[in-house]
Amino acid sequence: MVGASADTRPSPDALLEAAEKERRGKHKIFLGAAPGVGKTYEMLSAARRRKAAGIDVVVGVAETHGRAETEAQLAGLEVVPRRVVEYKGRTLEEMDLDAVLKRRPALVLVDELAHTNAEGSRHPKRYLDVEELLAAGIDVYSTLNVQHIESLNDVVARITRIRVRETVPDRVVDAADEVELVDLTPADLMARLREGKVYVREQAQRALRHYFSPGNLTALRELALRRTAERVDDQMLSYMREHAITGPWAAGERVVVCLDPSPAAATAVRAAKRTADGLEAELIALYVETDRHTILSEAEHARLAETMRLAAQLGAEVVTVPGRSVVEEILAFARSRNATRVVVGKSRRSRWFELRHGSVVDELVRSGSGLAIEVAPSGDAPAPSSPTDWLLNVPLTPGPYLEGALTTALATALGKAIDASITVPNVSLVFVVPVLVAAARHGLVPSLWVAGLSVLAFNFFFLPPLYEFTIADPANAVALVLFMFVAIAASALAARTRSQTEAARREARTTAELYAFSRKIAGVIELYDLLWIVVTHLARLLNAEVVILMPEKDPGDGKLAPRAAFPPDSEFSDADLAAARWSWDADHPTGRGTDTLPGGRWLFVPISTSRAGVGVIGVLPLKAGHELSASERRLLEAVGNQAAVAIERLTLAEDIDQARLGAERERLRSAMLTSVSHDLRTPLASIIGALSSLRSYRDRYDELTRDELLGTALSEAERLDRFVGNLLDMTRLDAGAIAPKREAVDAGDLVSTALRRAMPLLKDKVVVPLVPPGLPPLSLDFVLAEQVLFNLLDNAAKYSPAGGRIEVEARPVAGAVEIVVRDEGPGIPAEALDRLFHKFYRADAGDRQRAGTGLGLAIAKGFVEALGGTIAARNRPDHSETGRSGAEFIVRYPLS
């Protein structure tokens, strides 16, 4: 047999994997069930034995944690000096990867595989250092606790209520050449803790009360044992594939249950589940897709799909493999997965059916050496009366049969012409062509019709006596029988090829539809657009009305609401909505064509992802009384699954945006509180200090001192007023409450008013206004525009030195007027240019902290944009010509 011969050859994938490992170093992991079981001690002990055997061994990194017996194991082993790293004022020591690679030993010891390296190291994690060592051909011994394995991290957190932050991907453990379990009983480990051999006594007592409880240690120990057993099982399967060992090796139990479209398959699945639970074994549900799959009836397709769903619900791994022989594929699969038991249902087929098609159970029992074959009872239900294969899809119109008669007549005429012109040993071959054509175009029954017509035509026109339906020569009778056999065989083969081709076309069409749908939804960023694509796509594929119902954002009474429908005016009764709600609650199809509410108008199918339910898809066929076929149901489920993932993607993106918005809001709130708490309390402190001094010591101060204190209180009160005004202005901007009251504004008046108001801030600066006459008027809100200019002058006053020059220039440009404020401050740092107009952002002044809330420029930008203008900032471009440093703010207002 082909399958049997193939099993005697080693697996190419396994051989390639083995060849790849030959070029790499060997990796051995000492896996601990919990901290303190002695992983490092065991690793050092094994290394000492290797060194005694003449192997070049060095210690890359070993964490003894001050344990005397572990430190004693380091004696006599070469230790590579660690690399010193400075991080946040602390001195850390890390493994010197480059030194180990340069030393190039045969074996290196790397403790604590899940360790995170200090910032600045070549790799962020220590297991990546190990992978580089292995790629260089160096063997590695390393240690790892079970709680650091990525896939077990959540499980360990639920058990111990402590989440471990440092983890190692499962692929690292799976790729290891050896995994040695280092284990202690809970009683022994707790005794070590009490003796201070794991932690100091205070830490040990705290650990005994929390992490190192007997229940936690027992659960962790079981996790480590199971993970190690899985790794050993994978190694055994790899060894069997490399050496072409067919097995099974009954080192562990694994149950395979065979699926088929019969009612007995569900009984077999349940029986296999009971067997697997009793053996604590893995359960695999296998369906072999042969040529007969293409001619299954809709009822059989539905029954098979239901059986697969049942197997998945019971926790089985569902696998579908194509093949010609059911028995050969079952045995090959069972041996490739090292299964020990095969469960198959015994259907109540007739003896005649088994004589024609064979018995899968009998062949498995005869051929499955080494496998335990368990036959599940078939139950009392009679076997379904499936139609004969060759009678399926028989054309009921006369067209194919008339076409067959015509092609047979043409073949007869061609045969007579050939027979009259040349001598041909067997002219009957011309009749094979119409037989093949009929089989390829219309199936088996029309091709048998053509084969019969061809036999009669060949007898009547070519076998003596001619033009009679009699045969005189016995040899001609044998030839006619052989011709009839060839014609029937050719028609059967051509019909099978046609059915396979049609099945391939259907699968290709379905695949193309799903691919086109996935491309459509891939780039959608709005939920409504996505839902509309889903309903229109399904409505076209299923020729039905389609609706998607989803729960409301604020569920309240828990009702589902239609979110998209095609056609949009689809109507839903209270009964329809109740059926949809039941489908959502039960996570099960409901309505027409199902076991629940089969009399409903709509079919409701829930869609969900691994995280949660998403919604319900409703389908109402346009053809009255029509129910979706099994293939249409599968297509609906496939599209629904893709839609659920896409909806979840958009929902997660929206959640991420909301979380980002919340984080930004929290950042701004924190910045505002920080700024307000400092910048408001500073002037308040000055005001309180000045006024309290005047009240307490008024008589002791002369007139000049009292005026100075009052002036200080007044200026600080004005400063406080500006801070509060900025906060109120920013609140108005955020609320969108700015409504400019436009009027004709002269740029010169705007500049002079802003300078007059800002004069107390500019008293120690040199202010130079540059406003040419004849500037065109602007349509602005004078109050807002003056506030913009005042904020810019306030900013320039803060950053310009005493005696510094501040220029305010108004100039005409194409279709607009620009107002430029220049200062001689330190300028704008390059990293601050993009964030200068952000709320609560203040650029680094370099020498001292400038007073302010960081709102002035943000408010200026908001007001300018509300007035239809633009604002920009840059460092002074004339620095090289004038020798002046500083910043330049350009406000541009359009003339219109």
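Can you name the residue in the range 377-422 that is at pLDDT 80 or above and assigned to a loop (DSSP other than H, G, I, E, B) and is also nearest to residue 257 (Cα to Cα) among such residues?
Per the criteria, the residue is 397.
List pairs: first in the range 461-487 and over 20 Å from residue 410 (Cα atoms) and modelled with pLDDT of 70 or more, second of a type outside the set (Ser, Thr, Tyr) and part of a helix (DSSP H, G or I), Cβ under 6 Å, 6+ apart or cross-chain?
Final answer for the pair search is 471/477.
Sort through 805, 822, 835 and tell me the only one that's in contact with a helix residue (DSSP H, G or I) (Cβ under 9 Å, 6 or more places away or on another chain) and of a type in the set (D, E, K, R).
Going through 805, 822, 835 in turn, just one is in contact with a helix residue (DSSP H, G or I) (Cβ under 9 Å, 6 or more places away or on another chain) and of a type in the set (D, E, K, R): 822.
Residues are listed down the side, and each one gets a yes or a no for (1) modelled with pLDDT under 80; (2) over 24 Å from residue 299 (Cα atoms); (3) in a helix (DSSP H, G or I):
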| site | (1), (2), (3) |
| --- | --- |
| 555 | yes, yes, no |
| 563 | no, yes, no |
| 596 | yes, no, no |
| 607 | no, no, no |
| 620 | no, no, no |
| 625 | yes, no, no |
| 633 | yes, no, yes |
| 636 | no, no, yes |
| 662 | yes, yes, yes |
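Residues in the range 808-832 that are open to solvent by less than 20 Å² (accessible area, probe 1.4 Å) and free of Cβ contacts under 8 Å to residues at least 40 places away in the same chain: how many?
Counting residues in the range 808-832 that are open to solvent by less than 20 Å² (accessible area, probe 1.4 Å) and free of Cβ contacts under 8 Å to residues at least 40 places away in the same chain gives 1.
Regarding the range 769-790, can at least one residue be identified that is surrounded by fewer than 20 Cβ atoms within 10 Å (Cβ to Cβ), of a type in the set (Val, Ile, Thr) and farther than 22 Å from residue 717 by Cβ?
Scanning the range 769-790 turns up at least one residue that is surrounded by fewer than 20 Cβ atoms within 10 Å (Cβ to Cβ), of a type in the set (Val, Ile, Thr) and farther than 22 Å from residue 717 by Cβ.
Are there any pairs with C-beta distances below 9 angstrom linking a residue in the range 70-93 that is among the hydroxyl-bearing types (Ser, Thr, Tyr) to a residue that is open to solvent by less than 90 Å² (accessible area, probe 1.4 Å) and assigned to a helix (DSSP H, G or I), with the two at least 6 apart or on different chains, and if so which?
Sorted first by the residue in the range 70-93, then by its partner, the pairs are 70/40; 70/41; 70/44.
Select from the range 118-148 the residues that are open to solvent by 10 Å² or more (accessible area, probe 1.4 Å), at pLDDT 85 or above and hydroxyl-bearing (Ser, Thr, Tyr) and write down the one among them that is farthest from residue 40 (Cα to Cα).
Only one residue fits best here, namely 127.
Residues being closer than 20 Å to residue 750 by Cα, aliphatic (A, V, I, L, M) and open to solvent by 10 Å² or more (accessible area, probe 1.4 Å): count how many of those fall in the range 791-807.
1
Within the set of pairs 6 or more residues apart or between chains, which connect a residue that is part of a helix (DSSP H, G or I) inside the range 167-183 to a residue that is open to solvent by 40 Å² or more (accessible area, probe 1.4 Å) with Cβ atoms less than 8 Å apart?
Correct list of pairs: 170/150; 170/151; 172/131; 174/234.
Restricting attention to the range 97-112, which residues are modelled with pLDDT of 90 or more and not in a helix (DSSP H, G or I)?
Within the range 97-112, 104, 105, 106, 107, 108, 109, 110, 111 meet the criteria.
Taking the range 52-86, which residues are surrounded by fewer than 17 Cβ atoms within 10 Å (Cβ to Cβ) and touching a Gly at 6+ places or on another chain (Cβ under 7 Å)?
85
Those residues that are under 12 Å from residue 265 (Cα atoms) and open to solvent by 20 Å² or more (accessible area, probe 1.4 Å), I need them from the range 297-308; list them, please. Break it down into steps so the answer makes sense when it comes.
Residues of the range 297-308 under 12 Å from residue 265 (Cα atoms): 300, 303-308.
Of everything in the range 297-308, those that are under 12 Å from residue 265 (Cα atoms) and open to solvent by 20 Å² or more (accessible area, probe 1.4 Å) turn out to be 303, 305, 306, 308.
Taking strands (runs of 3 or more DSSP E) that fall entirely within the range 781-896, which contain at least 3 residues that are of a type in the set (D, E, K, R) and modelled with pLDDT of 80 or more?
Details: elements: 805-813, 816-822, 870-875, 887-894.
In the range 781-896, the matching strands (runs of 3 or more DSSP E) lie at 805-813.
Given the criterion within 60 Å of the chain's Cα centre (by Cα), in a helix (DSSP H, G or I) and surrounded by 22 or more Cβ atoms within 10 Å (Cβ to Cβ), identify the matching residue among 450, 432.
Matching residue, one of 450, 432: 450.
Which of the residues belonging to the range 519-535 are open to solvent by 40 Å² or more (accessible area, probe 1.4 Å) and either touching a Lys or Arg at 6+ places or on another chain (Cβ under 7 Å) or not aliphatic (A, V, I, L, M) (or both)? Before the answer, list the steps.
If we filter the range 519-535 for residues that are open to solvent by 40 Å² or more (accessible area, probe 1.4 Å), which is where we start, we get 519-520, 522-523, 525-529, 532.
The answer is 519, 520, 523, 526, 528, 529, 532.
With the condition kept exactly as written, say whether any residue in the range 23-40 is open to solvent by 40 Å² or more (accessible area, probe 1.4 Å) and at pLDDT 80 or above.
Keep residues of the range 23-40 that are open to solvent by 40 Å² or more (accessible area, probe 1.4 Å), which gives 23-24, 26.
Retained after the next criterion (residues that are at pLDDT 80 or above): 24, 26.
Yes: one or more hits.
The values are calculated or read from the model by the stated rules, or taken from the named source; none is laboratory data. Remember, predicted model here, so these are calculated numbers, not experimental data. Virtual Cβ from ideal backbone geometry, glycine too; neighbours counted across all protein chains shown. Heavy atoms of the whole protein, side chains included, go into the accessibility calculation; ligands, DNA and RNA do not. Shrake-Rupley method; radii C 1.70, N 1.55, O 1.52, S 1.80 Å.
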